[in-house]
Amino acid sequence: MRTDIYRFTFARAVDLVEAEGTLQLAILATEGLLGEACVRMEASYHLDAPRCAVLVDGGTPAGNAVVRIFTAFVTREFGPDAFSVRQVSRPARSVEVPAGAAA
């Protein structure tokens, strides 16, 4: 199953607040490339503090740029061995069709 959600998992030694700050810089850099409105509409992330992870939706042009820039920034800031990044499965969405609706 193809997905565009990326999970960045950080070593316990990495301060997740600093990693989120670095993500905010990546978002700002993406705004410089694509514009603030585009990034506001297309980029999203979720901080998973108990698992020392950040999930970034890379399924849009802005989201993909954030993923790429964030990867470069955290590699430079924390080192290549301080985190891992991988694509993760998106949960299946159920779609309800109202009774009487045409299929």
query = Residue check, residue 10 against (1) without any contact (Cβ under 8 Å) to a residue 40 or more places away in the chain; (2) in contact with a Cys (Cβ under 8 Å, 6 or more places away or on another chain); (3) open to solvent by less than 50 Å² (accessible area, probe 1.4 Å), all met but one. Which one?
reply = (1)
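Return yes or no: is residue 43 without any contact (Cβ under 8 Å) to a residue 40 or more places away in the chain and within 14 Å of the chain's Cα centre (by Cα)? First the steps, then the outcome.
Details: without any contact (Cβ under 8 Å) to a residue 40 or more places away in the chain: yes; within 14 Å of the chain's Cα centre (by Cα): yes.
Here the answer is yes, as residue 43 does meet what is asked.
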query = Under the condition of being among the polar types (S, T, N, Q) and assigned to a helix (DSSP H, G or I), which residue from the range 40-86 is nearest to residue 25 (Cα to Cα)?
reply = 71
request  = Among residues belonging to the range 63-83 that are surrounded by 21 or more Cβ atoms within 10 Å (Cβ to Cβ) and either touching a Gly at 6+ places or on another chain (Cβ under 9 Å) or β-branched (Val, Ile, Thr) (or both), point out the one that is nearest to residue 11 (Cα to Cα).
outcome  = 74
remark   = Looking across the range 44-56 at residues that are among the hydrophobic types (A, V, I, L, M, F, W, C) and either modelled with pLDDT under 95 or out of contact with any Asp or Glu (no Cβ under 8 Å at 6 or more places or on another chain) (or both), the single one that is nearest to residue 4 (Cα to Cα) is 56
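Going by the structure shown, is residue 21 more than 16 Å from residue 84 (Cα to Cα), open to solvent by less than 50 Å² (accessible area, probe 1.4 Å), modelled with pLDDT of 95 or more and not β-branched (Val, Ile, Thr)?
yes
The values are calculated or read from the model by the stated rules, or taken from the named source; none is laboratory data. Treat the numbers as computed from the prediction; the structure is a model and nothing was measured. Reconstructed Cβ throughout: ideal geometry from the backbone, glycine too, with neighbour counts over all protein chains shown. Each accessible area value is taken on the protein alone, full model and side chains, heavy atoms only, with ligands, DNA and RNA left out. Shrake-Rupley method; radii C 1.70, N 1.55, O 1.52, S 1.80 Å.
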